[in-house]
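Written below as structure tokens is the structure these notes are about.
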Amino acid sequence: AAGMFLRLLSDIQWRAAHPKWRRMTSSRRSTSTTAEPHPVSLPAQAQVVICGGGIMGTSVAYHLSKMGWKDIVLLEQGRLAAGTTRFCAGIVSTARPVSIELKMAHYSNKLYQQLEQETGVPTGYMKTGSISLAQTQDRLISLKRIASSLNVMGIPCEIISPKQVVQLHPLINIHDLVGAMYVPEDALVSSANVSLALATAASRNGVQIHERTSVSHVTVQKGRVTGVETDRGRIQCQYFVNCAGQWAYELGHSGEEPVHIPLHACEHFYLLTHPLKEPLSSSLPTVIDPDGRIYIRNWQGGILSGGFEKNPKPLFTEGRNQLEIQNLQEDWDHFGPLLSALLRRMPGLEALQIMQLVNCPESFTPDMRCIMGESPTARGYFVLAGMNSAGVSYGGGAGKYLAEWMVNGYPSENVWPLDLKRFGTLQSSRTFLRHRVMEVMPLMCDLKVPRWDFQTGRQLRTSPLYDRLDAQGARWMEKHGFERVKYFVPAGKDLLDLDHSKTFYKPDWFDIVGSEVKCCKEAVCVIDMSSFTKFEISSTGDQALESLQYLFSNDLDVPVGHVVHTGMLNEKGGYENDCSIARLSKRSFFMISPTDQQVHCWAWLKNRLPDDSSLTMEDVTWKYTALNLIGPRAVDVLSELSYAPMTAEHFPSLFCKEMSVGYANGIRVMSITHTGEPGFVLYIPIEYALHVYNEVMNMGQKYGIRNAGYYALRSLRIEKFFAFWGQDLDAFTTPMECGREFQVKLEKGMQFVGQEALLEQKQNGVYKRFTMFILEDHDTDMDLWPWWGEPIFRNGRYVGKTTSSAYSYTLERHVCLGFVHHFDEKTGEELVVTTDFINQGEYEIDIAGQRFQAKAKLYPFSSLFTQRRRKDEVELSGYQRE
Amino acid sequence: FYLTPPQVNSILKANEYSFKVPEFDGKNVSSVLGFDSNQLPANAPIEDRRSAATCLQTRGMLLGVFDGHAGCACAQAVSERLFYYIAVSLLPHETLLEIENAVESGRALLPILQWHKHPNDYFSKEASKLYFNSLRTYWQELIDLNSGESTDVREALINAFKRLDNDISLEAQVGDPNSFLNYLVLRVAFSGATACVAHVDGVDLHVANTGDSRAMLGVQEEDGSWSAVNLSYDHNAQNEHEVERVKMEHPKSEEKSLVKQDRLLGLLMPFRAFGDVKFKWSIELQKRVIESGPDQLNDNEYTKFIPPNYHTPPYLTAEPEVIHHKLRPQDKFLVLATDGLWETMHRQDVARIVGEYLTGVHHQQPIAVGGYKVTLGQMHGLLTERRARISSVFEDQNAATHLIRHAVGNNEFGAVDHERLSKMLSLPEELARMYRDDITIIVVQFNSHVIGACQNEE
């Protein structure tokens, strides 16, 4: 290992002496001739094997070794930092719309800043700041939203006028700008050198680094990683980390038990120029012009400029042997539009001489967020890849979170948005990935307005009623590959086309959804909710009940036919899942959870249920179509169709019964609606779906039945203060923090996961509290709409962020849900949040920099909603997912 | 006087037509993806015709271009009738019997052809009964002849061409009691038309050609470049074999007068054609028919004029030359066009322009900066120019229109010059024919996947 380290250093020194490290053809040759091939033989075993010597692999090694894990081997097929890491533009930018990504970038920036001092390896770190330009008002709104989040995190950030832009960067043409965002602490680095510095530090901490060693596949036994096979022999290990960048997909598929890592490479171009006559200062801020689809940074007195074109070129679809990264062609015709945008932004550069057009492939993921976490099928198999061209910005933070995950069992922040388990096998088709990344790459620069949807890779999973609903004007969105209805456009009504319906303000479907909500309140609506994840768990004896009692916080030992809302908690009492469980018989349970839980929940239960052949769990998601009948007349429709009394006396709330509807038998009817409104969900074996739907619609005619979509559902559940998992609830939120203590049975007579943590919270109080906010001085027609992630201010001080919001047609106000923290005014330390603390504050919600007064509530407006119903009919403990 | 680009486009696109072979369940089983066709008139009215149809009782698709001369009557009749003659020639005996029985008993007839027509491609309503009777006589004879052998496409094409020409000739000799029809059949017979017809069935492509229209196959080479393969021979004075054939068919004494100024008997450019009975009938027959014909015919100087050195008719035949080609995956498209196109464009250019249009790939040398000193501004200018060149490709939604744009508008550098295009299209009617001929083009696009799969099966 010592020899390796020396060679690393010499390599780095060489690079430092030759600042034009990008002209690698010569450097690669010279270093490879001086390098001895394989100076050190591979160890026979290690605790961790990391595959990939780019910024991700080295960052994971660095952080693991810092956290005290020493028995680590890092394998790189070529040379360290030689893939995308070597070519990437080196911009560290914290302006990220997703909060967890923003935190990663912020940490990376802090890490890189001190890395040279820590390791002695020059990283080229330069704090230049960055300016994000807005050519349109909508773009400026999106920048203001980001600025709000940066500010509350304590990251300096300013919305500036075009005139101020010129003061920061004299070359910028501002005549088409409406404003900009300035982040003064953003930085530039040499990404290859950052990677080498991380490797150097890791190596000092005992990590063994082996270059020119390829992993052929990972061996897995009984669902656990046992080792890796390389071209230089086998290494036994307990943990494997796939940081193979654009090859991660292939590597994941190389083993007997495939690990699906949905990412796909696209060519990415940037331009390097010779220095200007008067060389640009190395402290000049980086310019990001999303409307022009380009970024521009100073580079050795000249510029480096690349972008995200509208017509990306995906590559490596057929696998790696197609082309070598180093041999990719420059494609000037393809770069043309970006060059136009560059010269439009900086006309003064016309006479600047071109040095090179670099083709540097980047890997993209189906939802534009990176992929990290443990494989659902192979324990100990971790992944960190798919950086969507922001590898340098995320590298430090992503490596840290993954290391925490491996060492502590979970990262210190909620990383569900990045969790590998948000995907399943269904996102791993090459065709799907190829089509999707062609949409994702341009989206890097496209304006992201509330409720935008992907257009590619659609209609993969559909309900059997898809065509029927589509013909009735359904507009669709997608979750986990499943098509779900947003709302129904009435015949003869034209909505704006897709491009024009993109708005931060009141959307064009406002009245449509309003009438669907009205129908839910006054008559009856039917919503197809087939996408929910559905498991059946049963056993020959009491094993099912015992296991579930341990894994779920509510008491499941209820009479047959009862439905229980319960959290599936982790040791800290946080929600890993939020579900409804019906007891079908003494020994079998039917479990309904959110759509995107299909992979995560399965893996969680599989890993924790006893390995017992008398206990079976089956994923029956595809077997049932779910129709949600919402509204006061649902009871009439259903009793007419089944010739069975459905009133509360006969069919109380939270009840489940198999019955016949129309000609079809064996329909599971549950008296829940996920909205707090009265009604039922029908779980219908798919072959009866069309029949039952037709019967319901025909019978419902006289009760004014109509179709409705998820937007109506969303409005209903938010005004009822129902939290949903994945948006409001996550692994860091406990039932105590969101007013769901009644769903926890601390004294149910047996231990359950998270019990201790909850007991502790019960005694000592909670540090955040789920709160409902009613916007007071917000004009629905004129003002920007809240979305989620808006900062909440209490008495002028930041206390938390919103997690979801909707317009309540009943209150005729916007409702935001979010968490309130109590930060000590002096120390910033988190204090217990009491009911009084919540109630005794003046609140404001910050939407893109504009603050609106809000009234905080810890309980829903019961009076508004119970006027026409007896109290016992109200579903008290609903929950909702979208 | 200057036409704006939209005006130019509306002229160029007035007659364009596209047909896509429908796909069922995403699986296109036809070797033909579809075709684009278009016409640009120089004569008023245009004398070119085009036809396209799918054979319903046998497999395969028929496509043809017809270049009329001395009026459009003959080209019109051939465009309406020829495909029926071909389809009937291809039908098996049982189907012919079935059809005949249906006609006999007044039952509904099996449809034989599904036409793919532009609204401007009309059929004569008045003559349909007459045409139908002639066609019925033909299939009745085929039923009587029943050879029992399966129908050979080459044979069928040749028979159909000859039979139709024969029927045109006979109808004119017999005449019709209806004076309108009587005049029509005479105009058809005294005018002429060339025909270039393709029959595509799976990987079997047959081209039957009579006259100087041309069929050309566009082939994509392994390196992506395009080349042209001729699938027809021009029947005119430039074709030595054709001159030889004509000379063989007539006594040595006529050798000198047979071909003069590159024309048959010094008059006719194509050496094979439908109609043109002035080159087929004896002088006596011509005189008798003209005298007994309507006044309009008698007043027409052209019809009364007997070609010089007219000793041993017939001098002209409608018999086609048939070329059979087995389609390969690299055969991407077929161009059928009247001589108006081939006069202005080399087939190699046609192959390249259509190929690049269909694949959407403009084969330009990629730019590499290499060691040159190039500024951002220079590169930007260069790229803008290249983009403009490519965008002209995508102005057209129809390959035939795109080809016409090039045929009429190309400057000496092979690029479409709008000014030139505008001038050519704004010529007054009487001048247009001096600068260009009627142009009719059909571009058939093949499905390489189906062709590849068929090849593997064989």
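The values are calculated or read from the model by the stated rules, or taken from the named source; none is laboratory data. In this text, all values refer to a predicted model and were calculated from it rather than measured experimentally. Reconstructed Cβ throughout: ideal geometry from the backbone, glycine too, with neighbour counts over all protein chains shown. What goes into the accessible areas is simple: the full protein's heavy atoms, side chains included, and nothing from ligands, DNA or RNA. Shrake-Rupley method; radii C 1.70, N 1.55, O 1.52, S 1.80 Å.
Details
- Remark: spin-label model distance A:Thr647-B:Gln238 equals 9.5 nm, labels positioned 7 Å along the Cα→Cβ axis.
- Calculated FRET value between B:Ser426 and A:Thr503, using beta carbons and R₀ = 60 Å, to 0.05: 0.80
- Label-to-label distance, B:Leu97 versus A:Leu690, with points set 7 angstrom from Cα along the beta-carbon direction: 4.3 nm.
- Alpha-carbon Rg with Dmax, taken over the stretch B:138-205, Å: 15.6, 47
- Per residue, the average separation of C-alpha pairs within less than 8 Å and at least 6 apart gives the stretch B:91-210 a relative contact order of 20 percent.
- Distance violations [Cα-Cα > 31 Å] among A:Lys163/A:Lys855; A:Lys534/A:Lys857; A:Lys222/A:Lys745; A:Lys702/A:Lys855; A:Lys110/A:Lys826; A:Lys310/B:Lys373: A:Lys163/A:Lys855; A:Lys534/A:Lys857; A:Lys222/A:Lys745; A:Lys702/A:Lys855
- Accessible area, probe 1.4 Å, largest first, for residues B:Phe123, A:Phe423: B:Phe123, A:Phe423
- Dividing the convex hull volume of the alpha carbon atoms of the stretch A:580-693 by its residue count gives 120 Å³ per residue.
- Dipole size of the stretch B:10-125 about its Cα centre, with +1 on Lys/Arg Cβ and -1 on Asp/Glu Cβ: approximately 180 debye, rounded to the nearest 20.
- Residues whose amide H comes within less than 5 Å of that of A:Gly83, counting only those at least five positions distant or on another chain, are absent (H built at 1.01 Å from N in the peptide plane).
- Cleavage-rule hits (GluC sites (Glu not before Pro)) in the stretch B:124-153: DSSP loop, at most 13 neighbouring Cβ within 10 angstrom: B:Glu126, B:Glu149
- Axis angle, to the nearest 10 degrees, between helix A:598-608 and the longest C-alpha principal axis of chain A: 90 degrees.
- For the stretch B:252-267, backbone phi angles converted through the Karplus equation (6.51, -1.76, 1.60; θ = phi - 60°) give residue-by-residue couplings of 4, 4, 8, 3, 6, 8, 4, 10, 10, 6, 6, 10, 5, 6, x, 10 Hz, Gly and Pro being listed as x.
- Beta-bridge orientation, the protein assembly as shown: approximately 90 percent antiparallel, per DSSP, counting only bridges with both partners inside.
- For the stretch B:12-92: accessible area per residue (Å², 1.4 Å): 33 Å²
- Dipole of chain B [Lys/Arg +1, Asp/Glu -1 at C-beta], most positive-end residue of B:Leu110, B:Ser292, B:Leu3: B:Leu3
- Think of each Lys and Arg Cβ as +1 and each Asp and Glu Cβ as -1; about the Cα centre, that makes the dipole of chain A roughly 1060 debye.
- Take the accessible area of B alone and of A alone, subtract that of the pair with a 1.4 Å probe, and the total buried over both chains is about 1400 Å².
- Helical content alone sets the calculated 222 nm signal of chain A at -8500 deg cm²/dmol, taking -39,500 (n - 2.57) per DSSP H segment of four or more residues and averaging over every residue.
- Given R0 = 56 Å, the distance between the Cβ atoms of B:Arg263 and B:Leu109 translates into a calculated FRET efficiency of 0.85.
- Within chain B, helix-based [θ] at 222 nm, where runs of 4 or more DSSP H residues each add -39,500 (n - 2.57), nearest 500: -12500 deg cm²/dmol
- Kirkwood hydrodynamic radius of the stretch B:128-274, Cα pairs, Å: 18.3 Å
- Residue-averaged beta-carbon neighbours from other chains (10 angstrom radius) around A:330-337: 5
- Each Lys and Arg contributes +1 and each Asp and Glu -1, all at the Cβ; summed about the Cα centre of the stretch A:609-658, the dipole is approximately 280 debye.
- Computed with a 1.4 Å probe over protein heavy atoms only, the accessible surface of the stretch A:203-297 comes to 38 Å² per residue.
- Each Lys or Arg adds one and each Asp or Glu takes one away; over the other residues whose Cβ falls under 13 Å from the Cβ of B:Asp121, this sums to 0.
- Element breakdown for the stretch A:368-448 at a 1.4 angstrom probe: carbon and sulfur atoms account for 49% of the accessible area.
- Sparsely packed loop sites in the stretch A:655-756 (the chymotrypsin sites (Phe, Trp or Tyr not before Pro) outside DSSP H, G, I, E and B with at most 11 other Cβ atoms within 10 Å) comprise A:Tyr663.
- R0 of 30 Å, Cβ-Cβ distance A:Thr456-A:Asn408: FRET efficiency to nearest 0.05: 0.20
- When chain A is described by a simple charge dipole with +1 on each Lys and Arg Cβ and -1 on each Asp and Glu Cβ, the residue from A:His778, A:Gln221, A:Val449 located farthest towards its positive end is A:Gln221.
- Residues whose placed amide H lies under 5 Å from that of A:Met355, excluding near-sequence neighbours: A:Leu272, A:Thr273, A:His274
- Percentage of interatomic Cα-Cα distances in the stretch A:473-548 larger than 14 Å: 74 percent
- Helix A:24-34 axis, angle to chain A major axis (alpha carbon atoms, nearest 10°): 70 degrees
- Helix A:332-345 axis versus longest C-alpha principal axis of chain A: approximately 90°, rounded to the nearest ten.
- Residues within the reach of a label modelled at A:Glu618 (point 7 angstrom out along Cα to beta-carbon, backbone nitrogen below 18 Å), restricted to the stretch A:659-693, are A:659, A:665-669, A:683-689.
- The stretch A:238-377: relative contact order as a whole-number percent, Cα under 8 Å and 6+ apart: 32 percent
- 3J(HN,Hα) from dihedral phi, the stretch A:120-135, Karplus parametrisation 6.51/-1.76/1.60, rounded to Hz, x for glycine, proline: x, 9, x, 10, x, 5, 9, 7, 10, x, 9, 10, 9, 9, 10, 8
- Only alpha carbons enter this Debye calculation for the stretch A:76-186, each as an equal point scatterer, and the log10 of I(q)/I(0) it gives at q = 0.10, 0.13 Å⁻¹ is -0.37, -0.59.
- Percentage, to the nearest whole number, of Cα pairs in the stretch A:191-258 over 19 Å apart: 41 percent
- Take the stretch A:399-506 with all the other protein chains still there, run a 1.4 Å probe, and you get 43 Å² of accessible area per residue.
- The Kirkwood hydrodynamic radius of the stretch A:521-659, based on inverse pair distances between different Cα atoms, is 16.2 Å.
- Entry for the stretch A:146-305 at q = 0.16 Å⁻¹: log10 I(q)/I(0) = -1.04, Debye formula applied to identical alpha-carbon scatterers, no solvent contribution.
- Only Cα pairs under 8 Å and 6+ residues apart enter the sum, and on that basis the relative contact order of chain A stands at 11 percent.
- Of the Cα atoms belonging to the stretch B:166-226, the radius of gyration and Dmax stand at 19.3, 63 Å.
- Over all pairs of different C-alpha atoms in the stretch B:231-369, the reciprocal of the mean inverse distance, the Kirkwood hydrodynamic radius, equals 18.6 Å.
- Apportionment of accessible area to carbon and sulfur, the stretch A:226-297, percent (1.4 Å): 47 percent
- Calculated SAXS-style log₁₀ I(q)/I(0) at q = 0.05, 0.08, 0.09 Å⁻¹ - the protein assembly as shown, Debye, Cα scatterers: -0.53, -1.06, -1.19
- Signed unit charges on C-beta, dipole axis of the protein assembly as shown, positive-most listed residue A:Thr377, A:Ser191, B:Gly71: A:Ser191
- Table column - 3J(HN,Hα) (Hz), the stretch A:616-629, Karplus curve with 6.51, -1.76, 1.60, x for Gly and Pro: 10, 10, 10, 8, 10, 3, 6, 7, 10, 9, 10, 10, 9, 9
- Largest first and in whole Å, the equivalent-ellipsoid semi-axes of chain B read 40, 28, 21, each the square root of five times a Cα gyration tensor eigenvalue.
- For A:Thr230, the residues whose amide H sits under 5 Å from its own are A:Ser216, A:Ile235, ignoring neighbours fewer than 5 places away on the same chain, with H placed 1.01 Å from N.
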